[in-house]
Amino acid sequence: MTKQSSSFVKLSTALLIFLLFGCSKNSSTPLSPPSQTSQPKGTITGLVKNRTTDEPVAAAKISLGYNGTVQSTTSDSAGAFSFADVSAGQYQVVNGVPVFSGSYTVTVSLVNYNSSQTDTNKKYRNYYYSTVTITFTSLGQGDSSAVNGMVGSILLEISYLNTTVKGQVVDLNMQPVQNALVTLYDATAVPVAAIAQTTTASDGSYQFTRVDNGLTVNIEAVSQNGSLQGALPFLLILPANVTTDSLRSEVSAERIMLTPVDDTNPYVINITPENNSDVSPTNLQIVYTFSEPIKQTAYTRTDLPPGDNTLIDDIALNFLGMKKSSDAIGFSAQWNSSFSQLTITPQGLVGSARYSLDMTRVFNSGKIMDTAGNLLVDNPKITGDFEVLQFTTSGNSPVPGAPTLSRRLIPGYFPNLDFNGGVVGLEWNYDPNARSYNIYKSIDGSPFQLLRSDFYGVQFSPSTGSLVVPLNATNPLSAGSVSYLVRAVSKDLVEGSSSNTITVTDGVNPRLPNATVAAAGGTNNWTYTLYFSEPLNISTAENINNYLFTNTGGITFTKTAANYIGFSGGFYVVQLSVSTSAAPIAGYMLVISGVTDLAGNGMDQTENSRTF
């Protein structure tokens, strides 16, 4: 094993704690804890030995890290080592005795040791790593200086690299998985650590050589594209080879079965033809493409006729006009080889007609899912998955062009709308090739939805609804918008291109219908209650610089706070706190400039001030 691969190893350690309370049994005086300024030191002793042979390991270099410093030493012929003057860490008083503990990083280097071995089967990993916690016990008596006599011990167990581990990785169908990444973990100590990686061959097999004998290991595997993963069903205990000759151990692990790694719901990423397309009736195929393969079940079968409780029973292909056709529209369905596309092939389509394909019962059945069991969800950017898909077949009449849409603004009839919304006047040009018009509506940038179909006029007056978000809230958070577009429909029911978009927002300036002032306690402290006609942008409403007092007769007005109260008594209220240098003289004026409503409209200049 290389140095690089072994650098991910954490040492299997056993921690020996010798808790030696240094008080006499007859002593009634508890041991005093050390002072906050003391620097307690301790000694860590340890032993490095072979886990399986119980033999000491000499000439191992051990490094101990703590508080940003590192000490190093070498194990002697008995495998023993020690570190003196080690910072003992934090303490707690147990039964009147200060007990210290500390966490330390231990590195064992066997590079020099391994290089001196002629038998490759008697070598260890080049490096072992571990983070251990040592509990120290004071050997002194009765005073805080005794902390300098504390001792803690650790046992470091390692073993020869003479075990081979073999196995195979398969999928749910027990077929071999090639090029899967397989990782071997040392689970002898906690936390577990990766000690080797490899990839599977064409038959799904893998092999790890020169693995420490006597370890408890776990093995995990991930497919090349990351979509499948799996692990051994239980931990594997490698045999402890206690022989002193070159005998190797070989272990065969249970098969690792990979299962899907997936917490993402599948969805439809494309439909051809798109909703409201005009297509040729000859050899038409409607293709649904999914974001990932769909799990095949009894319900998803497409090779059975209607009546066998498959998705075929839940698909509805309907004829909507204009020309006569058979009442029953037949179709066939088929999955592609990867089960990521479902193709519906209608039968007996005619030209100059409108059709609809309804897959909503299929997709809402709770039976369409990916191989991990995640249910199909709606794609809001596509119409025709969880909604009815409509299309027309090409005929002989010309397709009308895109209408030019405009807004009618007529004072007293179609005025600018405030945050409450209202009726908006729309009109567009007449096209002699149009049979009718379809009108679409979008709220706050959402996908356009059909508002009115087969409308024969060229003027339409819909109601926008509330123009704030949340809709109809007493204290809305932001401005809302409503957008409209129109498409002309040919005499063969083919829908033409979209018109330009008309977007309606709050276009009315906020007003100040009323304002009052009252003493606020203390000399010349006042509260001005300001009543606005529209919900306000809070940051502008609470900016004291947007409120100006004029004609004050030399009296100083100091504004200390502006608080937006929100809706109250039919208005949107701001309370302005002011202190004055003297009692105000009647006739001064408060002018508001810079305060806006949620849509960004500034104050109505004819009603933005009050005289007191």
Open item on the list: Based on C-alpha coordinates, I'd like the Rg and Dmax of the range 514-611, in Å.
Closed with: 13.0, 39
Open item on the list: Modelling each spin label as a point 7 Å along the Cα-to-Cβ direction, I'd like the Ala316/Ser101 distance in nm, to one decimal.
Closed with: 6.8
Open item on the list: Charges on Cβ only, +1 for Lys and Arg, -1 for Asp and Glu, centred on the Cα centroid of the chain; of Gly412, Leu576, Gln285, which one is farthest towards the dipole's positive end?
Closed with: Leu576
TODO: List the equivalent ellipsoid semi-axes of the range 268-393 in whole Å, largest first, each obtained as the square root of 5λ for an eigenvalue λ of the Cα gyration tensor.
DONE: 25, 16, 12
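How much of the pair distance distribution for the range 161-260 lies past 24 Å, counting alpha-carbon pairs only, in percent? Mind showing how you got there, number by number?
Numbers: 1044 of 4950 pairs.
The calculated P(r) of the range 161-260 puts 21 percent of pairs beyond 24 Å.
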Task: In Hz, Karplus ³J(HN,Hα) per residue of the range 598-608 (6.51, -1.76, 1.60; θ = phi - 60°; x = Gly, Pro) - done: 5, 8, x, 6, x, 4, 5, 5, 8, 8, 10
Open item on the list: Taking amide H atoms as placed 1.01 Å from N in the peptide plane, list the residues 5 or more away in sequence, or in a different chain, whose amide H sits under 5 Å from that of Ala80.
Closed with: Val48
Open item on the list: Take Asn112 and Gln296, extend 7 Å from each Cα along the Cα→Cβ direction, and tell me the distance between the two endpoints in nm.
Closed with: 6.5
TODO: Calculate the spin-label point distance for Glu220 paired with Glu427, positioning each point 7 Å from the Cα along the beta-carbon direction, and give it in nanometres.
DONE: 6.9
- [ ] Show the residues, 5+ positions off or on another chain, whose built amide H is closer than 5 Å to the amide H of Ala520.
- [x] Asn525, Trp526, Thr527
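With the cut-off at 26 Å, tell me which of the pairs Lys295/Lys381; Lys381/Lys491; Lys41/Lys122; Lys367/Lys441; Lys41/Lys123 have Cα atoms farther apart than that.
Numbers: Lys295/Lys381 24 Å; Lys381/Lys491 29 Å; Lys41/Lys122 38 Å; Lys367/Lys441 33 Å; Lys41/Lys123 36 Å.
The pairs that break the limit, which is 26 Å between Cα atoms, are Lys381/Lys491; Lys41/Lys122; Lys367/Lys441; Lys41/Lys123.
Could you work out [θ]222 nm for the chain from helices alone, using -39500 (n - 2.57) per DSSP H run of at least four and dividing by all its residues? Round to the nearest 500 deg cm²/dmol. Please list the in-between numbers first.
Numbers: 4 runs with 17 residues, N = 612.
Here the helix-only value at 222 nm equals -500 deg cm²/dmol.
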Task: Three semi-axes of the equivalent ellipsoid, the range 441-518, Cα gyration tensor, whole Å, largest first - done: 36, 13, 10
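How big is the convex hull of the Cα atoms of the chain, per residue, in Å³?
Taking only Cα atoms, the chain has a hull volume of 310 Å³ per residue.
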TODO: Towards the positive end of the charge dipole of the chain, with charges on Cβ (+1 Lys, Arg; -1 Asp, Glu), say which of Ser227, Val458, Gly307 has the farthest Cα.
DONE: Ser227
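Only the coordinates and a few stated rules stand behind these numbers; no lab work does. Model, not experiment: these values are computed from the prediction. Counting neighbours? That spans all protein chains shown, and the Cβs are built from the backbone with ideal geometry, glycine included.
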